[in-house]
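Comments concern the structure below.
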Amino acid sequence: MSDFILSLDTIQINHGSFGATPIPVLDAADAWRRQFEADPTHFMRRVWAPAIADAKAKLAAFLNADIAGLAFVMNASDGANAVLRSLDFAPGDEILVTSHGYRAVSKTVEYVCRRTGAIARIVDIPFPLTGPDSVVDAIDAAITARARLIVVDHITSPTAAVFPVAAIQTRARKRGVPVLIDGAHGPGQIPLDLAALAPDFYVGNCHKWLFAAKGAAFLYAAPQFRDRLHPGTISHGYGQGMAAEFDWVGTRDVGAWLSVPDGIAYGEALGWAQLRQRNNDLASDAAKLLAQVWGTRIGTPDSMRAHMASVEIPLTGPADEARAQKLWSKLYDAHRIQMPVIAFAGALWARPSVQIYNRAGDYEALAKVDWRKLDA
């Protein structure tokens with residue numbers, strides 16, 4: 001915990017929602033902000049462009065991505081908006097999302113459909129999950145001749161499942177349908193090689209599992225789509241290509257994007273492979289402990305889990321958003337445990353996360369929670 005400013009009186013097992021930035025990376029981001037404020041005009045005229053280019057090059061190397069298709073954005077939802085609002089849809093076209101999709105991105109699909117007359121089709125994927133094939137088959141079966149885009153999470157927010165995006169993409173390409181991968185939780189949590197994956201579109205956060213400051217994320221697009229994409233804010237770079245359009249969207253906080261190399265370096269010092277294995281193992285142990293003590297189910301098989309888990313909470317009755325939010329608040333107020341409670345597929349689920357600052361005792365404390373008392 002020494003590298004983080006997380007409150008010591010709270011058990012923090014919710015890295016997945018917003019991340020936690022290490023002090024050295026916060027310091028690096030602040031140093032960029034101070035340099036900017038020392039001479040704003042000089043910074044924006046002489047420093048900004050090469051600094052962004054350097055940060056983007058280091059991110060591209062980490063992701064093994066073609067830098068020409070890489071752009072910084074504020075967060076994964078910002079990148080998803082750029083894709084969804086740049087593509088052309090006509091009345092009757094279909095945009096496929098899954099029942100495990102992130103709500104903000106699904107809302108963007110809903111908005112685009114209302115504006116264009118396209119249809120949002122929700123692919124129901126039963127939960128708990130039995131394996132990756134069930135996900136691939138469900139999406140493949142939902143593709144019709146009217147499908148124009150598939151939006152799928154790499155790691156799902158409500159259910160903490162690692163989806164088989166490569167296999168989904170392979171099936172979709174056989175049908176001529178591009179795929180937007182929402183990788184909000186991907187970078188840092190799982191190995192990510194964009195050259196090998198070759199996505200049509202990929203959006204990912206850097207402020208979650210990549211340790212960067214808040215407000216750092218990226219959008220990647222395949223060559224055939226780059227000239228069609230525009231940021232949510234149209235500015236001086238309009239019509240000059242993806243890099244020019246996305247790099248300059250008006251005056252903004254410079255620290256977050258420029259802290260990305262420091263976040264990558266922080267993970268490198270820990271050893272990315274070792275960190276991932278350690279966090280995966282602890283997440284698996286935590287899920288098994290909670291399910292055993294509570295006498296409930298784990299939402300995903302081991303093969304579809306990384307640094308987060310989804311474990312059913314031992315309560316019967318309505319599984320709605322209001323009850324989930326109430327339990328989440330009471331868990332924090334009564335036990336100082338910070339962890340989402342999620343209503344999904346007719347049950348209530350705990351979604352603990354694991355990061356370097358967590359220990360087995362954090363999940364042992366969660367296992368002791370009397371959910372019936374909190375629900376009273």
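The values are calculated or read from the model by the stated rules, or taken from the named source; none is laboratory data. These numbers come from a predicted model, not from an experiment. Neighbour counts are summed over all protein chains in view; Cβ atoms, including those assigned to glycine, are modelled from backbone coordinates with ideal geometry. Accessible surface is based on the protein model in full, side chains and every heavy atom, while ligands, DNA and RNA are left aside. Shrake-Rupley method; radii C 1.70, N 1.55, O 1.52, S 1.80 Å.
Residue check: is VAL25 open to solvent by less than 20 Å² (accessible area, probe 1.4 Å) and β-branched (Val, Ile, Thr)?
In short, yes.
Go through segment 181-198 and give me each residue that's surrounded by fewer than 24 Cβ atoms within 10 Å (Cβ to Cβ) and not in a helix (DSSP H, G or I).
ILE190, PRO191, LEU192, ASP193, ALA198
Residues ALA217, ALA256, ALA221, ALA213: which one is touching a Ser or Thr at 6+ places or on another chain (Cβ under 7 Å), open to solvent by less than 10 Å² (accessible area, probe 1.4 Å) and within 23 Å of SER77 (Cβ to Cβ)?
ALA213 is the lone residue from the list that is touching a Ser or Thr at 6+ places or on another chain (Cβ under 7 Å), open to solvent by less than 10 Å² (accessible area, probe 1.4 Å) and within 23 Å of SER77 (Cβ to Cβ).
May I ask you to list the residues in segment 79-119 that are open to solvent by 50 Å² or more (accessible area, probe 1.4 Å) and either within 25 Å of ARG252 (Cα to Cα) or not β-branched (Val, Ile, Thr) (or both)?
ARG85, ASP88, PRO91, TYR102, ARG103, LYS107, GLU110, TYR111, ARG114, ARG115
Scan segment 41-69 residue by residue and report those that are more than 27 Å from the chain's Cα centre (by Cα) and either at pLDDT 95 or above or among the aromatic types (Phe, Trp, Tyr) (or both).
Residues satisfying the conditions are THR41, HIS42, PHE43, ARG46, VAL47, PRO50.
Looking at segment 45-59, which of its residues are farther than 21 Å from HIS236 by Cβ and crowded, with 19+ Cβ neighbours inside 10 Å?
LEU59
When segment 150-173 is examined, which residues are found to be over 21 Å from GLY131 (Cβ atoms) and out of contact with any helix residue (DSSP H, G or I) (no Cβ under 8 Å at 6 or more places or on another chain)?
ARG173
Let me spell it out: the conditions are (1) closer than 30 Å to PRO91 by Cβ; (2) surrounded by fewer than 24 Cβ atoms within 10 Å (Cβ to Cβ); (3) within 13 Å of the chain's Cα centre (by Cα); (4) of a type in the set (A, V, I, L, M), and VAL136 meets all of them except one. Which number is the exception?
Only one criterion is unmet by VAL136, namely (3).
Within segment 212-225, can one find any residue that is part of a loop (DSSP other than H, G, I, E, B) and over 22 Å from PHE18 (Cα atoms)?
Checked segment 212-225: at least one residue is part of a loop (DSSP other than H, G, I, E, B) and over 22 Å from PHE18 (Cα atoms).
So ALA142 passes all but one of these: (1) open to solvent by less than 80 Å² (accessible area, probe 1.4 Å); (2) under 28 Å from TRP209 (Cβ atoms). Which condition number does it fail?
(2)
Do any residues in segment 42-70 that are of a type in the set (Val, Ile, Thr) have Cβ atoms under 8 Å from those of residues that are at pLDDT below 95, where the two are at least six apart or on different chains, and which pairs are they?
ILE52/ASP247
ARG276 passes all but one of (1) within 29 Å of PRO164 (Cα to Cα); (2) open to solvent by less than 20 Å² (accessible area, probe 1.4 Å); (3) out of contact with any Gly (no Cβ under 7 Å at 6 or more places or on another chain); which number fails?
Among (1) within 29 Å of PRO164 (Cα to Cα); (2) open to solvent by less than 20 Å² (accessible area, probe 1.4 Å); (3) out of contact with any Gly (no Cβ under 7 Å at 6 or more places or on another chain), ARG276 violates only (2).
Determine the pairs where a residue that is under 23 Å from ALA350 (Cβ atoms), located within segment 113-140, has a partner that is part of a loop (DSSP other than H, G, I, E, B) and open to solvent by 80 Å² or more (accessible area, probe 1.4 Å) with Cβ atoms under 9 Å apart, the partner being 6 or more residues away or on another chain.
PRO128/ARG297; SER134/PRO126
So which pairs qualify, if the first residue must be in segment 245-262 and closer than 19 Å to GLU37 by Cβ, the second must be of a type in the set (Lys, Arg) and assigned to a loop (DSSP other than H, G, I, E, B), the Cβ gap must be under 8 Å, and the two must be at least 6 apart or on different chains?
ALA256/LYS214
If ALA166 passes every condition in (1) within 22 Å of ALA309 (Cα to Cα); (2) open to solvent by less than 40 Å² (accessible area, probe 1.4 Å) but one, which one does it miss?
Tallying (1) within 22 Å of ALA309 (Cα to Cα); (2) open to solvent by less than 40 Å² (accessible area, probe 1.4 Å), ALA166 fails exactly one: (2).
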